[in-house]
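Below: one structure, written as structure tokens.
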């Protein structure tokens with residue numbers, strides 16, 4: 001019976017984002033776990049270093065693994081064909097490099113993170129313990145709202161350009177190093193949040209739980225459902241659906257209090273079984289203003 005031949009190629013560390021190659025697409029897939037080769041706990045991507053290769057060679061038995069991709073670490077190109085010929089039991093995509101297991105692990109984590117980063121315009125804050133992204137058109141008052149929330153004891157994570165990455169615990173947001181600790185407010189310029197409000201007013205990272213979009217209020221009548229439980233929808237960030245709440249902005253309205261209330265209501269809904277939408281049972285049955 002003809003045995004399939006493994007596909008061998010050097011690991012291209014200089015051009016890691018070539019998504020045309022299915023092997024590299026698999027490498028940078030966050031769902032593809034990687035670790036040192038362990039036949040008892042096989043991962044889709046197996047890392048094999050020099051000590052492990054020597055131990056496997058002494059057994060005189062092909063490597064028992066179901067890994068889709070092997071990465072031979074700390075090996076020269078001349079050593080690869082001989083080792084693969086004696087140890088590769090099944091066809092696999094085999095990459096080789098001179099990096100150590102620790103170096104290749106860090107390399108994979110770094111480039112996976114870069115490949116899944118999502119930059120979003122807005123202000124990212126911790127409000128009532130939850131990560132909240134405040135969005136809206138330029139000039140709508142996002143930074144002024146952030147300043148008011150800071151004065152009320154909430155914490156800033158990132159202004160203007162927060163970066164989001166999908167992790168094991170959800171969508172995590174952080175601040176680029178160049179703008180960390182600062183907030184730009186029209187009429188005041190760039191302020192140093194740490195100097196004005198103290199260390200406790202800042203947080204390095206937080207999981208994103210809710211998006212609040214600010215928009216200019218108009219005189220159009222709202223639907224019955226919106227009047228009873230607010231304007232709610234979903235938005236996708238890093239491939240995950242997250243709740244979106246739209247708030248109308250008008251002179252005289254205390255938007256900071258509105259935001260605190262929305263976040264606390266969202267936290268209450270998350271803490272109960274299922275999804276609690278205030279007024280939804282009534283909105284589904286009672287329409288005082290028929291839709292046209």
Of the residues in region 25-41, those that are buried (at least 16 other Cβ atoms within 10 Å of the Cβ) and without any contact (Cβ under 8 Å) to a residue 40 or more places away in the chain come to 32, 37
Being modelled with pLDDT of 85 or more and farther than 15 Å from residue 132 by Cα: is that true of residue 231 here? yes
Selection from region 55-81 of residues within 10 Å of residue 37 (Cβ to Cβ) and at pLDDT below 75 yields 63, 64, 65
Apart from one, (1) surrounded by fewer than 14 Cβ atoms within 10 Å (Cβ to Cβ); (2) assigned to a loop (DSSP other than H, G, I, E, B); (3) modelled with pLDDT under 85 all hold for residue 251; the odd one out is (3)
Can residue 52 be described as outside any loop (DSSP other than H, G, I, E, B), farther than 30 Å from residue 238 by Cα, at pLDDT 85 or above and not assigned by TED's automatic domain parsing to the domain that holds residue 238? yes
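Residue-wise test of (1) surrounded by fewer than 22 Cβ atoms within 10 Å (Cβ to Cβ); (2) touching a strand residue (DSSP E or B) at 6+ places or on another chain (Cβ under 8 Å); (3) under 15 Å from residue 204 (Cβ atoms).
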| residue | (1), (2), (3) |
| --- | --- |
| 121 | yes, yes, no |
| 136 | yes, yes, no |
| 140 | yes, yes, no |
| 144 | yes, yes, no |
| 149 | no, yes, no |
| 170 | yes, yes, no |
| 176 | yes, yes, yes |
State whether one or more residues within region 120-142 are within 30 Å of residue 46 (Cβ to Cβ) and either assigned to a loop (DSSP other than H, G, I, E, B) or modelled with pLDDT of 95 or more (or both).
no
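The values are calculated or read from the model by the stated rules, or taken from the named source; none is laboratory data. These numbers come from a predicted model, not from an experiment. Cβ sites come from the backbone with ideal geometry, for glycine too, and all protein chains shown count toward neighbours.
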